[in-house]
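The structure appears below as structure tokens.
The values are calculated or read from the model by the stated rules, or taken from the named source; none is laboratory data. Source: prediction; values computed, not measured. Using ideal geometry, Cβ is built from the backbone for each residue, glycine included, and neighbour counts are taken over all protein chains shown.
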Amino acid sequence: MARLIDGKLISTQIKDELKAEVAALKEKGIVPCLAVIQVGNDPASSVYVNNKKKACAYIGIESLAYELEENISQEELLGIIDELNHNDMVNGILVQLPLPKHINEEAVIKAITPKKDVDGFHPETVGNMCIGSKGFLPCTPAGVIQLLKRSNIAIEGKECVVIGRSNIVGKPMALLLLRENGTVTITHSRTKDLKEITKRADILVAAIGKPKFVTADYVKEGAVVIDVGIHRNEDNKLCGDVDFDDVVDKVSAITPVPGGVGPMTIAMLMNNCVETVR
């Protein structure tokens, strides 16, 4: 039976470390503040935003909530971001994605000043990550790295395969594994002989966005499998990109869904918020 990599436990450890750090900062009169902007009332987005507010409250980070009407104009939204960019009391700005179709996500991401870009999506932030310069790391890939490190799973020298090439997870995940001296292959929907490539992986990260796509015949015996996906199956239960039941007896360690990567994303967002005042 594979070892379960407990994202809930590890994320709580990180949040407790941050809580102590924020308490020490407050004694010096420094209070981190995160502004969270949500456009419309998409149920999934509302859950994520609420979880971020709870995490801020737990750690001691101030949070400002901007809950905007779905029909707000792009110009108005960019105006709010500009105000927050110039507000010295606000350390981090997060715009919950996805946005309504009439708003250009790329324009919104670029509007957030890189020094407050706690999501790690601004092109300048991404560039810093690519060349190894100081800057915020995207939360989900950074969370995966912490899961591996805090579970004492070595990355250096290991064959790492990422399934998926999105700007939010796949590409930055590959770069962060490379930064840790992994030997990295990125696969995607056009990859030929996908199973042959994934079966080489010592560490396999599934971020393809297809429920239960990765079955046992994609996985090497004894591999470590990180499941970034989250979906609802035909019984309305949460599942990932990996067919957990099919894979679990073949691998050495695996993240469950839920309770694996998900909690780490918010923990690393909180880490980025504290990073703004370190």
(Q) Could you tell me how many of the residues in the range 90-140 are among the small types (Gly, Ala, Ser) and not in a loop (DSSP other than H, G, I, E, B)? (A) 4
Q.
Being in a loop (DSSP other than H, G, I, E, B), without any contact (Cβ under 8 Å) to a residue 60 or more places away in the chain and crowded, with 17+ Cβ neighbours inside 10 Å is the filter here; which residues of the range 150-167 pass it?
A. ILE155, LYS158, ARG165
Q: Output yes when any residue across the range 34-53 is more than 21 Å from the chain's Cα centre (by Cα) and either assigned to a strand (DSSP E or B) or of a type in the set (A, V, I, L, M) (or both), and no when none is.
A: no
Q.
Return the residues of the range 59-101 that are on the phi < 0 side of the Ramachandran plot and touching a Lys or Arg at 6+ places or on another chain (Cβ under 8 Å); say none if nothing qualifies.
A. ILE59, SER63, ALA65, LEU84, ASN85, VAL90, ASN91, GLY92, ILE93, LEU94
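Quick grid of which residues meet (1) modelled with pLDDT of 95 or more; (2) over 21 Å from ILE14 (Cα atoms); (3) surrounded by 15 or more Cβ atoms within 10 Å (Cβ to Cβ); (4) small (Gly, Ala, Ser):
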| site | (1), (2), (3), (4) |
| --- | --- |
| ASP42 | no, yes, yes, no |
| SER45 | no, yes, yes, yes |
| ASN50 | no, no, no, no |
| SER73 | yes, yes, no, yes |
| ILE81 | yes, yes, yes, no |
| HIS86 | yes, yes, no, no |
| VAL90 | yes, yes, yes, no |
| LEU94 | yes, no, yes, no |
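Does the range 71-85 hold any residues that are assigned to a loop (DSSP other than H, G, I, E, B) and closer than 13 Å to ASP117 by Cα, and which are they? Explain how you work it out, then say what you get.
Residues of the range 71-85 that are assigned to a loop (DSSP other than H, G, I, E, B), as a first pass: 71-73.
Listed by number, the list is empty, since nothing qualifies.
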